[in-house]
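Below is one structure; the comments refer to it alone.
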Amino acid sequence: MIQEFIMAFLPELVLLAGVLAVFVVTLYNDRVARARAVSLATAAALVVSCLITLRSEATLFDGAYRVDLFSQWLKLAFGVGYLAVILLGRRVDDIRPDIRPEFFLFLGISMTGFVFLASSIDAITLVVSLELSSFPLFLLVAMRREREGQRMQMESAIKFMMFGVAANGVMLFGLSYLYGLTSTTSIPLMVQRLQPVIDGPLALAGLGLTFAGLYYKLAVFPFHFWTPDVYQGASNETAGIIASMPKLGAVVILVRFAAAATPDNQLITEILTVLAVASMFYGNLVALVQRDLKRLLGFSTIAHAGYTLLGFVALDEAGFSASLYYMTGYLFMVLACFVVISRVSRDGENVAIEDLHGLHRRSPLLALTMVIGIFALAGIPPFVGFMGKFALLNAAFARGHTVLVILAVINTAIAAYYYLRVVHASFFGDRDATDQMPIALDGSTRALCIGLIAIVILLGVTPAPVIDAITTSLASVVAVP
Amino acid sequence: MQDFLFYLFSAITLGGALLVVTSRNAVNSAVFLIVTFLGMAALFVLLESYFLAVLQVLVYAGAVVVLFLFIIMLLDVKGGRRRRLGGMSAFAAAIAGLLLVSGVVTLFTGIGERMTPATATGVGAQLHSFGYALFTTHLLPMQVTGFLLLVAMIGVIVLSKRLTAPTAPRGAAPAAGENKGTSA
């Protein structure tokens, strides 16, 4: 009994033990290096334990927590992301010096939230995990170092937190409607009981409000307004975290709830279509004129949230697995871009596109990482971004949303312009030889760059087994008990 | 009798809520909030949710409102000047209010037959079922909430910590040569 519990709950136990160890470490001397080392070991142990428990299946805590292939591969993705983020935050220069170790503590606690999120099938467990994953991120934004006359990070943190807390409130309010309708907090049961009344105003209001809270995390238009400001105000490492993990987490919850609607549900399809089109156009058009690289990625996030919704417009298994595949790939593409940003940045400052000039001479590996990350975001084969977009478009097309598919393709073309500007700056843009110091990379950064490139390419060239695995694992989520 | 009591306590709850919003003095608002909470506790008793009623009085009418009062008195909040809405704002507010009311009315008319009626005794009704749920289904969230409190506590310390001396404090990274005399 207890052995089975440990086998199913191993990743969580490892992560919790690691986070508590980081907490203890932050209380003593020489805190930064040790906190980072302990975090690194925790992340590695998390990845290994996820691999060990990949095939285990269990329902824990009286039906509130489901461990199956779906949750375990998500935990694996989160674990690899965690590892990458720790390597990315090499010295976390841009965090206030006296509180640097706490960066790793908050990062670990936030990761715990995401790992719990992957398995939560009870509304209350889900909400609490979501809070656990987002509260430390609010703090990470505020922890950026102050510069002369610059308190941008506080403004960003306040925006992020106010909107975040409001979005959580809206989501809870929606969930209370759903609970009132179904009188259960278990999500599979809730979804099952919602299906007959899905067209009723109360179910629509409940689902709508719940989704609104999640769209905030995903940065879908019109819940996007915090995104560019927070990316710009947060330190480079923090922005990398905010850009990657919460998006995948939000998609996971969306999948769990979207199973309530059948593909021929006209109203929900139409709402999602409008949101997807608005996000894509808004994000891509505004990104065209950005100069700050992080702000550019912020607007491109909004556009990517729009692409992801294509899978939800289809409202079937193919669509859901395409969305999940795309978001998993997105996690690594965007992390690749942020590795380059945080290494190119001088003393942790924000990076403008012009700062990339001559990057191929200053550091060929960074330039290569940037190009692959950007090409993947733009959706150029053979990287994962292309296969992900292809799967999404395919899923939407199969359900007959031809206009939506055409609009998405147009958007991909618009986006190519500003993505290629970044590539142009890194390879062809030239500036006077004043600022052409080579960038020295340490071993862990090299390993991180090569690892991220390998993941982006591998996921892109072998889409079939990955998508098949996701679809198989989805069966237990989408199928109503 | 039941009906009479329901309407009586509903009136007390709503009247209290109205006074919370309309009072000029923040302390008065907080005290009227207690009236509202007590009315709601009475409504819970009518629904046979005795435990929830006790919690309502203990936690909300007791602890939370005392916290409000503490903050109000600590910050010495004066009853603010009455702000007048401009023509446009009043118009916009009227439209927003109308939309809200019409939305609520549409939402709650004609859905009675389609709803699954909530069971009279929910999880929070009896101490036994509440405790049972807390230690089975909701065991994990309860523990996770502890982690949330840890985050809140460390977060407050981290954000309110002042960096007074130009030299970095004990244990910080040696690279700390900048950031003189700034505060959080």
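The values are calculated or read from the model by the stated rules, or taken from the named source; none is laboratory data. What you see is a predicted model, and the numbers here were worked out from it, not measured in a lab. Neighbour counts are summed over all protein chains in view; Cβ atoms, including those assigned to glycine, are modelled from backbone coordinates with ideal geometry.
Odds and ends about this structure:
- Filtering the stretch A:134-148 to residues that are over 24 Å from the mean Cα position of the chain (by Cα) and more than 7 Å from every other protein chain (Cβ to nearest Cβ) leaves A:ARG147, A:GLU148.
- Matching entry among A:ILE455, A:ILE450 (being surrounded by fewer than 18 Cβ atoms within 10 Å (Cβ to Cβ) and at pLDDT 90 or above): A:ILE450
- Of the helices (runs of 4 or more DSSP H) lying entirely inside the stretch A:215-327, those containing at least 2 residues that are closer than 17 Å to A:ILE341 by Cα span A:227-233, A:236-258, A:293-314.
- If you go through the stretch A:11-31 and keep only what is of a type in the set (Ser, Thr, Tyr) and either in a helix (DSSP H, G or I) or in contact (Cβ under 8 Å) with a residue 12 or more places away in the chain (or both), you end up with just A:THR26.
- Subset of the stretch A:91-119 [at the interface with chain B (Cβ under 8 Å from one of its Cβ atoms), outside any helix (DSSP H, G or I) and over 15 Å from A:ALA35 (Cα atoms)]: A:ARG96
- Hits in the stretch A:96-111 (condition: in contact (Cβ under 8 Å) with a residue 40 or more places away in the chain and surrounded by fewer than 24 Cβ atoms within 10 Å (Cβ to Cβ)): A:PRO97
- When we screen A:GLY233, A:GLY213 for residues that are in contact with a strand residue (DSSP E or B) (Cβ under 8 Å, 6 or more places away or on another chain) and surrounded by 24 or more Cβ atoms within 10 Å (Cβ to Cβ), the only hit is A:GLY233.
- Of the residues making up the stretch B:23-53, those that are at pLDDT 90 or above and exposed (fewer than 15 other Cβ atoms within 10 Å of the Cβ) number 0.
- Residues being in a loop (DSSP other than H, G, I, E, B) and at negative phi - total across the stretch B:23-65: 5
- Residues of the stretch A:32-70 classified as more than 21 Å from A:ALA84 (Cα to Cα) and either within 14 Å of chain B (Cβ to nearest Cβ) or in a helix (DSSP H, G or I) (or both), total: 12
- Here A:ILE253 fulfils each of the conditions (1) surrounded by 22 or more Cβ atoms within 10 Å (Cβ to Cβ); (2) closer than 28 Å to A:MET154 by Cα apart from (2).
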